[in-house]
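Worksheet: one structure, shown below.
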Amino acid sequence: MNFHLRLWRQESGSNSGKFENIEAGNIPAECSFLEMLDIVNNRLVASGKEPVAFESDCREGICGTCSLVINGVPQGPGRGAACQVYMRKFKDGDTITVEPFRAGAFPILKDLVVNRSAYERIMRAGGFITEHTGGAPDASAILIPKAVADKAMDAAACIGCGACAAACPNSSAMLFVGAKVTHLNLLPQGKPEAKKRARAMVRAMDDEGFGNCSNYYACEAVCPAGVNASVIARLNRDYILGEISEAVGAID
Amino acid sequence: MKLDAKIPAGPIEQKWTNFKNTAKLINPANKRKFKIIVVGSGLAGSSAAATLAELGYQVDCFCFQDSARRAHSIAAQGGINAAKNYQNDGDSVWRLFYDTIKGGDFRAREANVYRLAEVSRNIIDECVSQGVPFAREYGGELANRSFGGAQVSRTFYARGQTGQQLLLGAYSALSNQIGLGRVTMHEHTEMLDLVLVNGHAKGIVTRNLISGEIQSHAADTVLLCTGGYGNVFYLSTNARGCNVTATWRAYKRGALFANPCYTQIHPTCIPVAGDYQSKLTLMSESLRNDGRVWVPKKKGDNREPQDIPEEDRDYYLERKYPSYGNLAPRDISSRSAKEACDDGRGVGPGGLGVYLDFSDAIKRLGAKTIEERYGNLFEMYENITGESAYERPMRIYPAIHYTMGGLWVDYNLMSNIPGLHVLGEANFSDHGANRLGASALMQGLADGYFVIPYTLGEYLSSQFGGPKITTDLPEFKKTEQEVRERVNRLLSVKGNVPVDEFHRELGLILWNKCGMARSEEGLKQAIVEIKALRERFWKEVSVPGKGADLNQSLERAGRVADFLEFGELLCLDALTREESCGGHFRVEHQTPDGEALRHDDTFASVFAWMFQGEGGAPELVKEPLEYEAVHLATRSYK
């Protein structure tokens, strides 16, 4: 198959970038989108040119390293991450535009590689249950109804890729934050810190420059892990409880 | 050189308890004075970094990914074993211990495996307390399932994403410690060398993958938690970035590399479709419950599968192993598939595939039942191959999945280099010649949460009052200089062949000659071919761009350069181990009916290799495996 690629090239965060037209000829229909980029890159390298920088790792949709926007859609068409997109889904001769995630809080490092450390800082503010190794009671001591465990798992499936913020017109990270808050706050182990967690993670999110949710649901539409936007409702609820509890002195 | 595994005295059930009762402790005020480097942030690295920071040590943790959460432990699917006996089906620490020793074909160290089985129970408690959403029964109890190599249900799981949830648990504990300022996290930072001061591991040299900056880091001890070397085969179920560089660099600084020939090949993966392919995807082994494996009887029969009549099909597993049939063990299934393909009867592109046919099951049970059981796998298969397994047989082929070999460690998880500790898949210790399913996650977390926090004191307590280690020492400057030279050497070849091509070629050599079946002749050829390929690499490789920049060609070139050296040691180990055991099958050593034939009199020992300088032949050091608690027996597959 043959494709016309419009690839975003940018030397570094301090340079401005532009689209470069690259022909991707003679591409096997069976290969994945990333393997198509591998082929293009190896051709560039063989002629002594610098390949297009893009990140990937597990290539089976679970590590969350992919950060591509394909034809305007973060993580590309179909379900799953960009590594799960296959070339047979395109038509021969298609023009395909490939950009990095676009969000102020994800600055571009080079070409299609972005800096997502903002998500790390949000996690460090409250994305955990405070406990210490060795102090745990027997695992069977805590009974958790299957329905609750399943809901927590639905939210915990988030792969932390950042597509939600990249898709959102407000660059909101609330699907990511909501997924973690929902996962932990639903479980009995997470209850003691539930309000503090929601408050701390929302504040960290604001500090990073992410916007707020205004119900576009673009995040849910692109989420490769299928996280439901209802996690944002829980986040709002627990966040408000956190703010009120702090105002009345119920939590510090 | 004589290896001392430092196994505690006493009966096997008492060794770990005895050890803990007499272990050297570091008091809290002194813990603050010690700095620990943890390389890698998978299950072993994240759990170790978080736990040691909780204890009060100063921790620096490094990963090459952009986040600790992306380490390849995240991709593990099936589950984690623990001897909880919640099912009341007769499980015990002893049974988990015995199953693991037997599954490893009696080539693992008894005392380590017993400890692993013992602490397995604590891991589940720890993970639940962190909020890992394990599968539950309606009443709220934890659910279990059964896995290969066991007659009890002891596997805990979180859908098909157990590795993801366990890693996110460890990552959340790590994030907490980073937020508290007790761990300094270095993402996008790759370890390129180990620094020894007076023969002790006291630091590392890293390259920042964004800026290209090469930098030294000093500490009181170094923990390598850098995973396995499956990517030496190029195509594997590993992530693209998985590499041998950290452990190989440690080997070249004097750490012993143990049993590199013990590699695990998983029988049911989606086959290679062409030269462009970058990785292989696992299809759950459970599919073999309802699928029948076959290839055409005639060589080069390229008719469509539905056009091949019953009498022209060879259901080779059912034919060769009538009692196990399609559920023959992993190593047998993998080897048989390779034999059929080597015989020219493989199917699909390149003839490297066999059919896994569900048509009988669909006839018997209906498509709906099959969809209920395997729908998500069929969907994944169709997404990747564009073929529907409801309409035509799946094509599958074995792929490299895990590596049991790794750096040699003693009972304390310390290598022969004082101060260098090795955890998780990166060490050699617990799985022998074959790993059982759901045991990799168990070992990674056991090492990080419950072993190293106790054993680290043995080394650190000997380090009081020593001179302060800083990166100003000449040892750091010298190692840093050597790293810079190696980077510059890669950039200055200026050939025109992309790194991937060398990697792919290396993978083919190893896969064909040191894969599922190995022979003396093939291994000798492989060593010659790898040497020649390495020479070509250093003349023809193309690494465009600069060192002081985000340069992915350079990252890969460094890793492949190390694989090109390591591959030779892998073949040498396979050549020296003149027996068959677990995942290591030497064609010269098989029973008349084609089963693995061990030679316990000569080979019941760990083979650990010591670097003897560039071009020198590595020296073999043996650690005899003394079995006190179990009797060596032949694994029966029939």
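The values are calculated or read from the model by the stated rules, or taken from the named source; none is laboratory data. Predicted, not measured: the structure shown is a model, and the values here were computed from it. Using ideal geometry, Cβ is built from the backbone for each residue, glycine included, and neighbour counts are taken over all protein chains shown.
Observations
This table checks each residue for (1) under 23 Å from B:GLN215 (Cα atoms); (2) in the same structural domain as B:VAL222 (by TED's automatic domain parsing); (3) in contact with a Cys (Cβ under 8 Å, 6 or more places away or on another chain).
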| site | (1), (2), (3) |
| --- | --- |
| B:MET1 | no, no, no |
| B:ALA5 | no, no, no |
| B:PRO8 | no, no, no |
| B:GLY42 | yes, yes, yes |
| B:GLY45 | yes, yes, yes |
| B:LEU52 | no, yes, no |
| B:LEU55 | no, yes, no |
| B:PHE62 | yes, yes, no |
| B:ASP66 | yes, yes, no |
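- Any hit, segment B:610-632, residues being under 24 Å from the mean Cα position of the chain (by Cα), buried (at least 22 other Cβ atoms within 10 Å of the Cβ) and without any contact (Cβ under 8 Å) to a residue 40 or more places away in the chain: no
- Scanning segment B:176-214 for residues that are in contact (Cβ under 8 Å) with a residue 40 or more places away in the chain, over 14 Å from B:GLY40 (Cα atoms) and of a type in the set (S, T, N, Q) returns B:ASN176, B:GLN177, B:SER211.
- Whichever residue in segment B:302-340 is of a type in the set (Asp, Glu) and more than 22 Å from B:ASN512 (Cβ to Cβ) and, among such residues, is nearest to the chain's Cα centre (by Cα): B:GLU318
- Condition broken by A:GLY93, with the remaining ones in (1) buried (at least 17 other Cβ atoms within 10 Å of the Cβ); (2) more than 7 Å from chain B (Cβ to nearest Cβ) satisfied: (1)
- A:GLU55 being in contact with a helix residue (DSSP H, G or I) (Cβ under 9 Å, 6 or more places away or on another chain), at the interface with chain B (Cβ under 10 Å from one of its Cβ atoms) and at pLDDT below 95: no
- One residue from B:LEU168, B:LEU174 being in contact with a strand residue (DSSP E or B) (Cβ under 9 Å, 6 or more places away or on another chain) and not in a loop (DSSP other than H, G, I, E, B): B:LEU174
- Candidate set from segment A:16-25 (those that are assigned to a loop (DSSP other than H, G, I, E, B) and touching a strand residue (DSSP E or B) at 6+ places or on another chain (Cβ under 9 Å)); member that is surrounded by the fewest Cβ atoms within 10 Å (Cβ to Cβ): A:GLY25
- Condition met for B:ASP343 (surrounded by fewer than 24 Cβ atoms within 10 Å (Cβ to Cβ), modelled with pLDDT of 90 or more and within 24 Å of the chain's Cα centre (by Cα)): no
- Residue in segment B:453-476 that is over 19 Å from B:ALA250 (Cβ atoms) and within 14 Å of chain A (Cβ to nearest Cβ) present: yes
- Taking every residue in segment B:377-391 that is more than 9 Å from chain A (Cβ to nearest Cβ) and pairing it with any residue that is part of a helix (DSSP H, G or I) and surrounded by 15 or more Cβ atoms within 10 Å (Cβ to Cβ), at least 6 positions away or on another chain, the pairs with Cβ-Cβ distances below 6 Å are B:SER388/B:GLU382; B:ALA389/B:PHE378; B:ALA389/B:TYR381.
- Set side by side, the residues B:ALA44, B:ALA23, B:ALA29 differ, and just one is buried (at least 22 other Cβ atoms within 10 Å of the Cβ) and either under 20 Å from the mean Cα position of the chain (by Cα) or closer than 30 Å to B:GLY203 by Cβ (or both), which is B:ALA44.
- Selected residue [surrounded by 19 or more Cβ atoms within 10 Å (Cβ to Cβ), at pLDDT 95 or above and either facing another protein chain (nearest Cβ under 8 Å) or assigned to a loop (DSSP other than H, G, I, E, B) (or both)] from A:ALA103, A:ALA118, A:ALA155: A:ALA103
- Scanning segment B:181-194 finds one or more residues that are closer than 30 Å to B:LEU550 by Cβ and within 8 Å of chain A (Cβ to nearest Cβ).
- Flag for B:LEU96 being more than 18 Å from the chain's Cα centre (by Cα) and on the phi < 0 side of the Ramachandran plot: yes
- Listed here are the helices (runs of 4 or more DSSP H) enclosed by segment B:1-81 that have at least 2 residues being among the hydrophobic types (A, V, I, L, M, F, W, C): B:15-22, B:43-55.
- Options B:GLY254, B:GLY241: the member that is touching a residue at least 40 places away in the same chain (Cβ under 8 Å) and within 14 Å of the chain's Cα centre (by Cα): B:GLY241
- Members of segment B:354-371 that are farther than 13 Å from B:SER286 by Cβ and part of a helix (DSSP H, G or I): B:SER359, B:ASP360, B:ILE362, B:LYS363, B:ARG364, B:LEU365, B:ALA367, B:LYS368, B:THR369, B:GLU371
- Any hit, segment B:512-519, residues being at pLDDT below 95, part of a helix (DSSP H, G or I) and within 30 Å of B:PRO267 (Cβ to Cβ): yes
- Within segment B:529-560, the set of residues being within 13 Å of chain A (Cβ to nearest Cβ), assigned to a helix (DSSP H, G or I) and more than 28 Å from the chain's Cα centre (by Cα) comprises just one member, B:GLU540.
- Residue under evaluation A:GLU23, criteria (1) in contact (Cβ under 8 Å) with a residue 60 or more places away in the chain; (2) more than 14 Å from chain B (Cβ to nearest Cβ); (3) of a type in the set (Asp, Glu), criterion not met: (1)
- Residue, farthest from B:LEU209 (Cα to Cα), within segment A:58-70, restricted to residues that are at the interface with chain B (Cβ under 9 Å from one of its Cβ atoms) and of a type in the set (A, V, I, L, M, F, W, C): A:ILE62
- Subset of segment A:130-147 (residues that are more than 8 Å from chain B (Cβ to nearest Cβ) and in contact (Cβ under 8 Å) with a residue 12 or more places away in the chain): none
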